[in-house]
1. Per 0.36 nm of contour for each residue apart, how much would the distance between residue 184 and residue 85 grow if the chain were fully extended, relative to their Cα-Cα spacing?
2. Working out 0.36 nm times the residue gap between residue 51 and residue 149, then minus their Cα-Cα distance, what length gain in nm do you get to one decimal?
3. Return the FRET efficiency for the residue pair residue 20, residue 70: r is the Cβ-Cβ distance, R0 is 22 Å, and the value is rounded to the nearest 0.05.
4. With a 10 Å radius around each residue's Cβ, average the other Cβ atoms per peptide and rank 179-186, 64-71, highest first.
5. Given a Förster distance of 22 angstrom, what is the FRET efficiency for residue 44 paired with residue 105, based on the Cβ-Cβ distance and rounded to 0.05?
6. Can you list the aspartates and glutamates whose alpha carbon sits under 14 Å from that of residue 31, skipping same-chain ones fewer than 8 residues off?
7. How big is the dipole moment of the stretch 20-141 about its Cα centre under a simple scheme where the beta carbon of each Lys and Arg is +1, that of each Asp and Glu is -1, and everything else is neutral? Debye, nearest 20, please.
Amino acid sequence: MYGQQPIIVLSQNTKRESGRKVQLENISAGKTIADVIRTCLGPQAMLKMLMDPMGGIVMTNDGNAILREITVQHPSAKTMIEIARTQDEEVGDGTTSVIVLAGEMLAVAEPFLIQNIHPTVIIREYRQALEDAIKLLQDKISVPIDLNDRDKLKEVIRSCVGTKYIGRWADLAVDIALDAVNTVTVNENGRIEVDIKKSPVYSMV
């Protein structure tokens, strides 16, 4: 009948919790996921040894690859893993960075929750901080780069390659990356695009 509460059938082992305790547990789960791959970030990143379903051993410092092999039950931990997947699909890089950043944001928010500040207030301030950071980056930090200046472009690329395991061959990798991008760059009516197409083999990796 209309107006009645819906009937929800749940498992006998289902527990429902709410309040500050659950918020802090969610933060703890998120920080745990961040701690798993924290050591995979940066020039001194360490490799993680994983066992694939076939019993083979895989060593990688790719945050997304590591998180794909982790089995978690906690909803917040699953959300953190979904963040890495989304980052990989939309950008193709930075999966470790986004998880570590999310973990730090949760850690910073924890003391405010303990002080009984409402989560919506914390979220609003985070959004304001995001707007301030974007404005600062655009107005005071961003530096225009001449696309015809190969040396400047190589400096930018080298800062990205330096965190990878191929850092020891950085100069060669930078030249190859720059030449590859220049090869597939399309300039149409003043609009510059990098025409990248994923091959079937690449998509399966």
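1. On the way: separation 99, 0.36 × 99 = 35.64 nm, distance 2.65 nm.
So the extension gain works out to 33.0 nm.
2. Numbers: separation 98, 0.36 × 98 = 35.28 nm, distance 4.46 nm.
Going from the current span to full extension adds 30.8 nm.
3. Details: r = 27 Å, r/R0 = 1.23.
The calculated FRET efficiency here is 0.20.
4. On the way: 179-186: 10.9, 64-71: 16.2.
Output ranking for 179-186, 64-71: 64-71, 179-186.
5. Working: r = 23 Å, r/R0 = 1.06.
The computed FRET efficiency comes out at 0.40.
6. Those aspartates and glutamates meeting the cut-off are 104, 110.
7. Values: 12 positive and 16 negative charges, 77 e Å.
The dipole of the stretch 20-141 has a size of about 360 debye.
Values quoted throughout were computed directly from the atomic coordinates according to the rules given, and no laboratory measurement underlies them. Being a predicted model, the structure only gives us computed values, none of them experimental. We place every Cβ from the backbone using ideal geometry, glycine too, and count neighbours over all the protein chains shown.
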